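Engineer: Structure incoming, see below.
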Amino acid sequence: MNIRTVLFDLDGTLTDSGMGIVNSVRYAIEKFGMDVDESQLPGFVGPPLQQHFQEVCGVGDDDGKRLVSLYRERYVDIGIFENEIYPGIMELLKKLKGNGFCICMATSKPEKFALQIAEYFQIAEYFDVIGGSLMDGRRVNKAEVIEYVLNSCQVENRERVLMIGDRSHDIIGAKNTGVHSMGVLFGYGSREELEAAGAEWIAETPEDIWRLITEE
């Protein structure tokens, strides 16, 4: 693997954000006046939020936007900090940075929140670019985010770019933008989901990510 630029998803890849997202989704659905199916809540970690609200709740665009707005009522002050860095991630970022890799974040989460989380957990300094969706609902598709990040980094050779994430949309986004893909199993996606999406490599731990990238 001749990788020099590494793109990381955020939720379920760099941080275990499940509690904050799930609690805020539950709040939104209850306030919207619908019954909550607890078994479906973990599935909200990772995918574009409005799209997933619409799929799970069976609503249209307007109600999907309303649910996102309700979600943010709780998330912006409370849910965003119900979160923690996965063990081994900080060490991985330090090693990548110290060995001259370009490190970027490509998340469907609003870029405003991604920046706030990176600063709060003191990992912002490791990233050359932090890219996410826009608060008005644009640039939520993972391929769009990846394209934005690659353009911001002025990447010329996509054969040397690797996208790392825990869900199928991370892998599909990588394929749709012509970059390599790696799935991780310590997040919220399964091996079956990642393999079905076409992940080229699968890492069980952050240490595996380093080993696979550097072939050590």
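The values are calculated or read from the model by the stated rules, or taken from the named source; none is laboratory data. From a predicted model like this one, the values you see are computed outputs, not experimental measurements. Methodologically, a virtual Cβ is constructed for each residue, glycine included, from the backbone with ideal geometry; neighbour enumeration extends over all protein chains shown. Calculation scope for accessible area: heavy atoms of the full protein, side chains included, ligands and nucleic acids excluded. Shrake-Rupley method; radii C 1.70, N 1.55, O 1.52, S 1.80 Å.
Engineer: Say whether the condition of being acidic (Asp, Glu), farther than 24 Å from Asp136 by Cβ and open to solvent by 30 Å² or more (accessible area, probe 1.4 Å) is met by at least one residue in region 46-61.
Structural biologist: Looking through region 46-61, none of the residues is acidic (Asp, Glu), farther than 24 Å from Asp136 by Cβ and open to solvent by 30 Å² or more (accessible area, probe 1.4 Å).
Engineer: Find the residue count for region 54-100, including only residues that are closer than 30 Å to Glu159 by Cα and in a helix (DSSP H, G or I).
Structural biologist: Final tally of qualifying residues: 10.
Engineer: Select from region 181-193 the residues that are in contact with a helix residue (DSSP H, G or I) (Cβ under 6 Å, 6 or more places away or on another chain) and open to solvent by less than 20 Å² (accessible area, probe 1.4 Å) and write down the one among them that is farthest from Gly46 (Cα to Cα).
Structural biologist: In this case the residue turns out to be Ser181.
Engineer: Checking the condition touching a residue at least 12 places away in the same chain (Cβ under 8 Å) and not in a helix (DSSP H, G or I), which residue from Ile146, Ile172, Ile164 passes?
Structural biologist: From the options Ile146, Ile172, Ile164, the qualifying one is Ile164.
Engineer: If a residue must be touching a Phe, Trp or Tyr at 6+ places or on another chain (Cβ under 6 Å) and within 16 Å of Thr13 (Cα to Cα), how many such residues does region 87-98 contain?
Structural biologist: Number satisfying all stated conditions: 2.
Engineer: If you check Leu70 against the conditions, is it surrounded by 14 or more Cβ atoms within 10 Å (Cβ to Cβ), farther than 18 Å from Val149 by Cα and of a type in the set (A, V, I, L, M)? Spell out how you get there, then give the answer.
Structural biologist: Numbers: surrounded by 14 or more Cβ atoms within 10 Å (Cβ to Cβ): yes; farther than 18 Å from Val149 by Cα: yes; of a type in the set (A, V, I, L, M): yes.
Answer is yes for this residue.
Engineer: Another question about this same structure. Can you give me the number of residues within region 1-53 that are assigned to a strand (DSSP E or B) and touching an Asp or Glu at 6+ places or on another chain (Cβ under 6 Å)?
Structural biologist: Selection size over region 1-53: 1.
Engineer: Any residue that is within 26 Å of Ile172 (Cβ to Cβ), in a helix (DSSP H, G or I) and open to solvent by less than 70 Å² (accessible area, probe 1.4 Å) - is there at least one of those in region 101-112?
Structural biologist: So far as region 101-112 goes, yes, one or more of its residues are within 26 Å of Ile172 (Cβ to Cβ), in a helix (DSSP H, G or I) and open to solvent by less than 70 Å² (accessible area, probe 1.4 Å).
Engineer: Out of all the residues in region 1-50, which are under 17 Å from the mean Cα position of the chain (by Cα) and acidic (Asp, Glu)?
Structural biologist: Of everything in region 1-50, those that are under 17 Å from the mean Cα position of the chain (by Cα) and acidic (Asp, Glu) turn out to be Asp9, Asp11, Asp16.
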